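Enquirer: The structure's right below; bear with me while I get my questions together.
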Amino acid sequence: MAALGAASAQLESRCKQPCGNVTIEYPFGYEGCYYNPDFLVTCNQTSGIRVSTNNTFVAIGCDTSAFIRGTRGKVNDVTGCFSRCLKDSLITSSSCSGVGCCEAAVPGGMSAFNISVTSYNNHTNITDFNPCSYAFFLKNGKYNFSAVDLRDFQRERMPMLLDWSIGNLTCNSRCDENYGGPGYCCRCNEGYVGNPYIANNCTKFVTNEMLDHLYSTDINECANRNHDCRHKCIDTEGSYKCKCRKGFSGDGKKGGSGCTAEQSMVIKIAVGSSAAAIFLIVFVNWLYFGLKKLNITRNWVHPLNKIRSPWLKQEFVPICSIPIRSNSQACGS
């Protein structure tokens, strides 16, 4: 949409026009209070309006048939609901289930319409607690049925939403993707409020909680050990959360369910412990018998060393030295 500028702001301040009991806000309007001819609204009983799907069609009565007949483009649609109850019926307040009160969803894109309310038996035998029937459009969540309303429904006005759409222009903020009628609707961006048809009119929406968060200092409870976690502490915005190690389950808090080993982990621990014990026993036995065998080997003597046979003994005969005379001497006999 082209920028509306300062002139638009001036028109907005004085262009909130009533049409019956409906207030029309700029850039829509009539009698000079509209942005351009595409936003001109004709205020009379024949003006076509679109009923928002954020409304509900509600009927009240114990002998009531209520219908909406309207058009959606070139299609004529009819929808409605029935409500029945007797004098001694169990009527539940806050419930429009068809006993004393019924409701129907509003078809999307419905423009021209009319509401009809009829009675099958002319409220015979129920006029003392339900003399009339009522039907109306209502903004979702704005009405809680009460059995008292059957006797005397005193509300003259009920809040209702109408859909507005524009033609071949551009929104200042964003288009409403949920709108399914002709043209399109504009919405302020998420977190902004204002009139999306006026340039720079959508302003940041700030709540008290947002201000508190903006001016607060986050404390790391995990780093300060100011927590009650058993295994792991994870710092979050303004708080913290606990988490168990792998193989454990629970809320992780000392004052809560804590951290309990899962069954698979218990089995793994048991199997691991048993295997370690078996290995230790085998190793100790192997070491024991190995050392014992080594000791036997060291003390072993060959059997032959223990035999004292005479034939193994050697006789050492002394050898006499016979002097040898020289040639110059003769040997005597």
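Enquirer: Among the residues of the stretch 30-37, is there at least one that is modelled with pLDDT under 75, of a type outside the set (Gly, Ala, Ser), more than 24 Å from SER133 (Cα to Cα) and surrounded by 14 or more Cβ atoms within 10 Å (Cβ to Cβ)?
Expert: No, because not a single residue in the stretch 30-37 is modelled with pLDDT under 75, of a type outside the set (Gly, Ala, Ser), more than 24 Å from SER133 (Cα to Cα) and surrounded by 14 or more Cβ atoms within 10 Å (Cβ to Cβ).
Enquirer: Could I ask something else about it? Would you kindly identify the strands (runs of 3 or more DSSP E) lying entirely within the stretch 77-155 that contain at least 3 residues that are β-branched (Val, Ile, Thr) and within 11 Å of ASP63 (Cβ to Cβ)?
Expert: Counting at least 3 such residues, we get no strands (runs of 3 or more DSSP E) at all.
Enquirer: Would you be able to say whether some residue in the stretch 48-67 is at pLDDT below 80, of a type outside the set (Asp, Glu), closer than 21 Å to ASN140 by Cα and in a strand (DSSP E or B)?
Expert: Yes, the stretch 48-67 has at least one match.
Enquirer: Determine the pairs where a residue that is among the acidic types (Asp, Glu), located within the stretch 120-146, has a partner that is not in a loop (DSSP other than H, G, I, E, B) with Cβ atoms under 9 Å apart, the partner being 6 or more residues away or on another chain.
Expert: ASP128/ARG151
Enquirer: Only one of these conditions is not met by PRO107: (1) surrounded by 17 or more Cβ atoms within 10 Å (Cβ to Cβ); (2) closer than 24 Å to GLN154 by Cβ. Which number is it?
Expert: (2)
Enquirer: Output the residue which, of all residues in the stretch 71-91 that are under 23 Å from ASN55 (Cα atoms) and at pLDDT below 80, is nearest to the chain's Cα centre (by Cα).
Expert: ARG72
Enquirer: Checking the condition closer than 30 Å to GLU221 by Cβ, modelled with pLDDT of 55 or more and not acidic (Asp, Glu), which residue from GLY272, GLY290, GLY256 passes?
Expert: GLY256
Enquirer: Just a yes or no: is a residue in the stretch 94-110 acidic (Asp, Glu) and either outside the structural domain of VAL58 (by TED's automatic domain parsing) or within 20 Å of ASN54 (Cα to Cα) (or both)?
Expert: Yes; the residues of the stretch 94-110 include at least one that is acidic (Asp, Glu) and either outside the structural domain of VAL58 (by TED's automatic domain parsing) or within 20 Å of ASN54 (Cα to Cα) (or both).
The values are calculated or read from the model by the stated rules, or taken from the named source; none is laboratory data. All of these numbers come straight from a predicted model, not from anything done at the bench. FYI the Cβ positions are ideal-geometry reconstructions off the backbone, even for glycines, and counts take in every protein chain you see.
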